[in-house]
Amino acid sequence: MKPLNFLKKSWAVLLLLLLWQVWVMTTNYNSIVVVSPLSVARDLILHAPVYLIPALWTLGFAIGGLALGMIAGLALAIICWTSPILSGLLQPFALILTATPIVCLIPLLARLFGYQSRTELLTVSIMTFFPSFVYAAVGLRRLPRRSAEFFVTLHASRFKRLTLLALPAAIPELAVALRVGTAYSILVTVVAEFLMQTGGLGNLFAVTMQEFNLHRALGASLIAMLLSTALYEAATALEKHVRLRFT
């Protein structure tokens with residue numbers, strides 16, 4: 001991204017950080033109450049190894065959970081594509097499960113499967129599978145014009161229509177689902193880590209807040225935001241490439 005474009009998109013955030021820094025410098029609040037952006041940046045630079053392992057932990061579980069969620073969403077969409085009856089039965093349950101707030105779902109899953117890393121992965125998978133399911137279901141039915149009739153004239157089997165027609169047609173929509181799920185996966189992962197104390201940036205944030213170490217807590221939050229932004233930008237670039245390839 002060019003510096004001028006970066007300033008155009010981020011000037012409001014930079015102005016807010018500047019005002020925050022000036023406000024902290026002109027007041028005498030204790031660091032337990034409020035810290036300056038420069039102090040957070042200083043802690044990030046001087047204690048970078050402290051953030052490295054939690055960041056990699058969060059990133060790994062976010063990507064792993066997103067991958068499992070997308071596979072589950074695509075599989076459910078294929079099942080619904082093959083049978084209208086199953087579609088009517090499964091879609092309401094998928095909608096109810098995804099509509100459940102994450103802060104309500106995590107304690108339930110932790111009670112069933114324990115406060116372990118696998119529960120964190122399961123939570124991320126559940127909360128990210130719905131975009132994949134919705135967009136995959138749309139893509140499987142958004143076929144090129146006259147292509148369905150062409151496959152009928154060839155007496156193609158349902159399996160061949162799925163693998164040679166429906167799945168390739170769904171790839172652009174799956175790219176959209178990936179873009180939507182990337183940013184959301186980091187959020188879900190951090191919240192799960194915060195509530196279950198399994199590790200990662202969410203656990204780092206929880207522990208440092210209990211210790212009144214606001215510098216490190218805000219640093220963990222900043223890294224989580226940067227990871228979410230980086231994944232979103234990467235998924236956006238991939239989506240553009242896929243749309244140029246398939247449209």
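The values are calculated or read from the model by the stated rules, or taken from the named source; none is laboratory data. Since the model is a prediction, treat every value here as computed from it, not as a measurement. Methodologically, a virtual Cβ is constructed for each residue, glycine included, from the backbone with ideal geometry; neighbour enumeration extends over all protein chains shown.
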Selected residue (criterion: nearest to Trp20 (Cα to Cα)) from residues of the range 206-247 that are of a type in the set (S, T, N, Q), surrounded by 13 or more Cβ atoms within 10 Å (Cβ to Cβ) and touching a residue at least 12 places away in the same chain (Cβ under 8 Å):
Ser221
Looking at (1) closer than 21 Å to Ile78 by Cβ; (2) touching a Lys or Arg at 6+ places or on another chain (Cβ under 9 Å), which is the one condition that is false for Leu204?
(1)
For the range 124-170, enumerate the residues that are more than 14 Å from Met70 (Cβ to Cβ) and either of a type in the set (S, T, N, Q) or part of a loop (DSSP other than H, G, I, E, B) (or both).
Arg142, Leu143, Pro144, Arg145, Arg146, Ser147, Thr153, Leu154, His155, Ala156, Ser157, Thr163
From the options Phe133, Phe159, Phe129, residue that is free of Cβ contacts under 8 Å to residues at least 24 places away in the same chain and among the hydrophobic types (A, V, I, L, M, F, W, C):
Phe159
Residue match in the range 51-63 (condition: polar (S, T, N, Q) and within 18 Å of the chain's Cα centre (by Cα)):
yes
Flag for Val24 being surrounded by 14 or more Cβ atoms within 10 Å (Cβ to Cβ), touching a residue at least 24 places away in the same chain (Cβ under 8 Å) and out of contact with any helix residue (DSSP H, G or I) (no Cβ under 6 Å at 6 or more places or on another chain):
no
Does Val191 meet the test of being part of a helix (DSSP H, G or I) and over 23 Å from Ile78 (Cα atoms)?
yes
Given the conditions (1) farther than 20 Å from Cys104 by Cβ; (2) part of a loop (DSSP other than H, G, I, E, B), report the number of the one that Tyr115 does not fulfil.
(1)
Residue satisfying all of: in the range 27-47; of a type in the set (Ser, Thr, Tyr) and under 15 Å from Arg216 (Cβ atoms); surrounded by the fewest Cβ atoms within 10 Å (Cβ to Cβ) among these:
Ser31
Looking at Leu201, Leu162, which is the one that is surrounded by fewer than 22 Cβ atoms within 10 Å (Cβ to Cβ) and of a type outside the set (Ser, Thr, Tyr)?
Leu162
I'm checking my understanding of the structure. Among residues of the range 196-247 that are over 19 Å from Ile45 (Cα atoms) and not in a helix (DSSP H, G or I), which one is modelled with the lowest pLDDT?
Thr247
Looking at the range 121-138, can you tell me whether even one residue there is over 24 Å from Gly73 (Cα atoms) and either buried (at least 22 other Cβ atoms within 10 Å of the Cβ) or of a type in the set (Gly, Ala, Ser) (or both)?
no
